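The values are calculated or read from the model by the stated rules, or taken from the named source; none is laboratory data. Nothing here was measured: the structure is a model prediction, and the numbers come from that model. Don't worry about glycine lacking a Cβ; one is built from the backbone with ideal geometry, like all the others, and counts go over all protein chains shown. When the accessible area is computed, the model is the full protein with side chains, heavy atoms only, and any ligands, DNA or RNA have been set aside. Shrake-Rupley method; radii C 1.70, N 1.55, O 1.52, S 1.80 Å.
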Amino acid sequence: MSTALAALEEAYARRGAPRPPASPASAQGATGDRTPVVGYVGADVPVELLTAAGVRAFRLTGDPDSGSQLGDRYLGRGVDPMARSVLTRLLAGSFGDLDRIVVSHDCEASLRLFYALRELCRVEPGTGLPEVYLVDILHLPHRTTARYNRRRIGEFAARLEAWTGRPLDLAGAVAAHNERRRLLAAAAELRGAVPARLTGRQFLAVAGAALPVDEHIALLERLLAEAGQLEEHAGRRVFLSGSDHDTPHVYEAVESEGYVIVGEDHSFGGPSPQGPVGAGGLDALAEHYHHSGPTAHRATVSERAAHAARAVRHCRAELFVAYSRTGDEAPAWDFPAQRAALDIPAVLLERQDYGRADLTALRKEHPCAV
C-alpha cells in the first residue's frame, strides 16, 4: 500500500480532533506563542486568505454517530442535520479551543448556523464560543454581485490582518493552493482510471486530510509518485451528486455494495471545476469564489444538469446517484433535469438521514454484482 495514502487517511481521520488550548495573547488577536487556530464552515470561505494570514485553519465537520441535541435546541430540527451536528460539537468543545470561527454563506444552513453562533456569543458568553465572522459571497451572474463580493473579500482580508497583527502573504498562499488544486486533479485522475486506483472513500481522505497546505502538497506529491503501489478497484462506477458529505459514512455504505464512487459534485470531494485562482490579488480571489460551484445551493438547475453530463463522461461513470439528505432538499430538485441530460442510468436517494444511506432503490433498480 502507498505510504502517502496511509498518511493522508490518518490525517483525514484526525480532522475533527480537539485542537490545543489557545494562549491568552492569541485569543485576543495578538501574536502569541502559538499559531492562532480558526475553524471554518462552508465551501465559500476563501482558504487562501486564512493561509496568507498564517493561521492554522481547518473545516469543521459533524458526527452522525454522536447526536445533535444541543444543535437542535438552537437551530430547530428543520435545518440540515450536518449544521446542527457542527453546532452541537462546537458547544460540546469537541474541536478544542478555537481562536475564531469563520462561516460562509454557501447555503441556508450555514447562514442559520452563523446567526445562532453570533447570538450565542452575545447572550450566552458562558458557552465559551469564540468570535464568529461571516464571509458573505454571492453567486448571481451580475457585475453588482462581483463588486459586492470584492468588498466582502477585502473586508475579510482586513479583519484577518487585524486579528493576527501582520500583513497577508497572499501571493504565496494563492500559489500554494493552486498547486494543491493541481495535485488533487491529478489524484482524481487516478480514481477515474479504469479500473480505479483509488476508491471514493480513499479519495475523500486524499482531498480532506486535515493538514496545512504545504504538508498536504508534499503528501499529494508522494501519492502520485507511489501510484504504481495503489490497488486496482473494480466495481460498477458511480458518480455521486447532491448533499455534502463531511464524513465517509455514505461512501462506505455505497462502496460496501460493490460500487466504486469515481466522481462527485459536493464541496468535500474533488477539486473545484473552475480551476486555479488567477493573477490579480484580491480581485482574482473574489472572481474565483464568485464563480465557484456548481453545487445544488449555488447553481441553476440547467447548470447542474450540464455539469453532471460533463462530469460523468470525464470520470467514465456507469451510474449516476443523486443523494438528498433530510433537511437538504435542494439536490432532489435538480434530479429530473440531471437524469434527462445523462446517457447513463440514474437513481435518486431522497430524504436520507445524516450519515446514512438507504440503498433500497439502488439495489432494486441498479443492482451491482459484487
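Which value in nm describes the separation of the simple spin-label points at GLU252 and GLU226, placed 7 Å from the Cα toward the beta carbon?
The modelled label-to-label distance comes out at 2.1 nm.
Using only DSSP helix segments of four residues or longer, with each worth -39500 (n - 2.57), what per-residue ellipticity at 222 nm results for the chain after dividing by its residue count and rounding to 500?
My calculation for the chain gives -14000 deg cm²/dmol from helical runs alone.
Please give the charge dipole size of the chain, origin at the Cα centre, charges +1 on K and R Cβ atoms and -1 on D and E Cβ atoms. Round to the nearest 20 debye.
Taking the Cα centre of the chain as origin, the dipole is about 460 debye.
Can you list which of the trypsin sites (Lys or Arg not before Pro) found in region 291-353 are DSSP loop residues with at most 15 other C-beta atoms within 10 Å?
Here the trypsin sites (Lys or Arg not before Pro) that fit, given the DSSP loop and packing criteria, are ARG316.
Under a Cβ-Cβ cut-off of 9 Å, what is the net charge of the residues other than TYR74 that fall near it, where Lys and Arg count +1 and Asp and Glu count -1?
0
From largest accessible area down, sort THR127, THR326; use a 1.4 Å probe on the protein chains.
THR326, THR127
Just read off the accessible area of ASP358 with the full protein assembly in place, 1.4 Å probe, to the nearest 10 Å².
Here the residue's solvent-accessible area equals roughly 90 Å².
Can you tell me the length gained on complete extension of the stretch THR360 to ASP214, counting 0.36 nm per residue apart and subtracting the Cα distance?
Residue separation times 0.36 nm, minus the Cα-Cα distance, leaves 48.3 nm.
For CYS315, CYS121, give the ranking by accessible area with the largest first, probe 1.4 Å.
My answer, sorted largest first, is CYS121, CYS315.
Express the Stokes-Einstein translational diffusion coefficient of region 163-241 in µm² s⁻¹, to the nearest whole number, given a Kirkwood radius over alpha-carbon pairs, 4 °C and a viscosity of 1.567 mPa s.
Diffusion coefficient, whole number: 92 µm²/s.
Please state the charge dipole magnitude for region 146-237, taken about the Cα centre, from unit charges on C-beta atoms (+1 on K and R, -1 on D and E), reported in debye and rounded to the nearest 20.
That gives region 146-237 a dipole magnitude of about 600 debye.
Pulled fully out, how much extra length does the chain show between CYS121 and ALA340, if you take 0.36 nm times their separation in residues and subtract their Cα-Cα distance?
74.2 nm
Quick check: with the 1.4 Å probe, what order do SER241, SER302 take by accessible area, largest first?
Ranked list, largest accessible area first: SER302, SER241.
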